[in-house]
Amino acid sequence: MPSPQCSLQHIKSSLKQRASFVLLLLILGLDCPCFAIQGKTLDSIVDRLLSEKPKTYKALDDALQSFKLDTVALKSFIEKAEKASYPAGQSYALNQLGRVYRNRTQLDKALPLHEKALELAVSSNNNEFEVLSLNMLGVVFSRKDAIKTALDYNQKALEIAESIASPSMHIKRNINVALNSVGNLYQTLGQYDLAISQFQRALELEAELNNKLGLAINNQNIGDCLEQKGNLDDALQRYKISLDFNNQLNNDFGRVICNNSIAQIYLKQNRPNLALELLKPTRDMIAAIGDKFIWCSVLGNLGWAYMEIKNYSEAEKFMLAGLNMAREVSLPKQVIYIKKLLSDLESRKGNYDKALSYYKQAEEFDRQLKNDRNIRYINDLILRYEAEKKNSQISALAQENELVKLRLRKNQTTILVSALIIGLVGTILFIMYRQYQSNYEKRVMGLEQNMLRSQMNPHFLFNSLNSIKLYIINNDKKNAVHYLNKFSKLVRRILDGSSLKETTLAEELETIELYLNIENIRFSEGISYAINVEDDIDPEQLKIPSLVLQPFLENAIWHGLSSKEGEKNLWVNISRKDDIHIVISIIDNGVGRAASERIKENRVIKRKSVGIDITKERLANFAKDYQYGFSIEIIDLFNDEGNPKGTKVVLEIPTI
């Protein structure tokens, strides 16, 4: 069973990143020193605010500083501000109330409050509260593991804040909050260098503002990234710097996070007794604060420390307490973290069945959480695969060119020794032959590359990835995974098939069925299609050019069926013409070629279709290896009244 140091490392970054989010948002409440409002009641303050209706964060925060954690007072102010048509006041109080619920790990209560605050800020054109609301939403979605949504909110907050010509102090603070939040999201995705660059930029801006809390947070986050990269000594130094700032601020919550992080470094350095010295008082501090997200992590680390000193009963007690708390407030990453600790504990106790059970549960949780994150990288993976493949082809051509040069020199030497005239003639013939071969190979390679570009149509890739993104945004994981599986299989077949001159009919039919399935999903299952193969044809035995049918199907869908109202049908029929040829017919009941051309001329964006011409050249090249030729015929179909009723494409392909 892997040790906690190895198996839990990727989880710890996310746990501490969440802690830094909670600490980070305290910045938003520190625009002025905290002081008690003497001789003023809440009612008098509210009456003054409703009368004057200030629109800046500082004015509202100065007035309501003493009531920011009072949910009853905040709800009362929200109600009065709504009646007085005071959107800035509503937005401020909604965000403060949402922050209180978020810090209690009541995310479902916090989310609609921040959304309402954002709506009011946008409708009243208040940039300060719009930026604040976007950052608040980013934190909530991050804690809900909706990384893409959180990143969108924080990046939008940063974009708006940096576009303001003369930013207020609150806007400057929110720029740092957004930078830190984006860094935390990169940190969650394991992009530690990108995260450090964001934290470092925020650190420099916080130093300019002399904001000790911001300095503490960014040093803490840089330390965590360094820890995940294995640089424990530098990480420990950053944690201690962060702890020093929190001590200057007398910030118990910051002390808890720093002490927990320092204890984790000690545990990784096999110094559990030092870790226990920090974690025991830290447990009491977080229990008093009551933030269960951090509390779970402290309990898990306490269990880890006791496990390292072989006090298994205490270790199990704290681990189970942390696990129950994580389940209670629905924190899946904490559940994964502690279950892997329990797996290691049971393994050390010799209970291998229980250890395996805990480990499998943790891995399943982890797998589910990672699925959504993998989707956003699929386009990069496809492009990287294409680039690597092209580089390999270039390298192979360079090696072949070097071999040709070596052979040429050897032949020239031999021929010159034998006979000058024969050598000269032979050299000329050889050069002509190699030039012919080279031109032929370049032409074939050009066809393969053009075929790949036509198959990997950017419109098709972009629209398919957008469909996947839409499923993810709608939280439709089942359809997102189903669509992604089909899409990845099709991309793999296209990339593999682009290097093959021919393939079996069976494999080609599987590829086009994947393509039709994906296109049909994008058309909301509006296309009825069928693939029919006559009984006397064995698809496993017949060879045809790879990826030869897709361009005709694409034309049928986008030029014939996409513009048609009503029932959309598409048929692919494979039959044998004679002992020499098979016939593949592609029939659609679309608008016909004439109407399609008219529609195409009226479009603002015109798609240039080159797939058919490339396919004809490839079929000609394919037929050279057979005794008989090929043919392609495109037939316009009409009904009894002479109106277009679709198009039929007939391909005759030789088999011997």
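List of remarks:
- Any hit, region 328-338, residues being outside any loop (DSSP other than H, G, I, E, B), loosely packed, with under 14 Cβ neighbours inside 10 Å and either modelled with pLDDT under 80 or not hydroxyl-bearing (Ser, Thr, Tyr) (or both): yes
- Within region 176-197, not a single residue is over 22 Å from residue 152 (Cβ atoms) and not charged (D, E, K, R).
- Identity of the residue in region 220-234, free of Cβ contacts under 8 Å to residues at least 60 places away in the same chain and surrounded by fewer than 24 Cβ atoms within 10 Å (Cβ to Cβ), that ends up nearest to residue 198 (Cα to Cα): 226
- Residue in region 253-261 that is part of a helix (DSSP H, G or I), assigned by TED's automatic domain parsing to the domain that holds residue 201 and farther than 18 Å from residue 283 by Cα present: no
- Residue in region 172-190 that is within 20 Å of residue 239 (Cβ to Cβ), of a type in the set (Ser, Thr, Tyr) and in contact with a Cys (Cβ under 6 Å, 6 or more places away or on another chain) present: no
- Candidates are the residues of region 536-592 that are closer than 17 Å to residue 618 by Cβ and among the charged types (D, E, K, R); the one that is surrounded by the most Cβ atoms within 10 Å (Cβ to Cβ) is 554.
- Considering region 384-400, and only residues there that are exposed (fewer than 12 other Cβ atoms within 10 Å of the Cβ), at pLDDT below 75 and polar (S, T, N, Q), the residue that is farthest from residue 491 (Cα to Cα) turns out to be 395.
- The lone criterion from (1) at pLDDT below 75; (2) farther than 30 Å from residue 575 by Cβ; (3) surrounded by 14 or more Cβ atoms within 10 Å (Cβ to Cβ); (4) in the same structural domain as residue 554 (by TED's automatic domain parsing) left unmet by residue 483 is number (1).
- Taking the criterion of being over 28 Å from residue 470 (Cα atoms), aliphatic (A, V, I, L, M) and surrounded by fewer than 18 Cβ atoms within 10 Å (Cβ to Cβ), the residues of region 119-178 that qualify are 164, 165, 169.
- Wholly within region 100-202, helices (runs of 4 or more DSSP H) carrying at least 3 residues that are small (Gly, Ala, Ser), outside the structural domain of residue 294 (by TED's automatic domain parsing) and within 21 Å of residue 57 (Cα to Cα): 107-123
The values are calculated or read from the model by the stated rules, or taken from the named source; none is laboratory data. Predicted model only: the values in this text are computed from it and were never measured. So basically every Cβ, Gly included, is an ideal-geometry build from the backbone, and we count neighbours across all protein chains shown.
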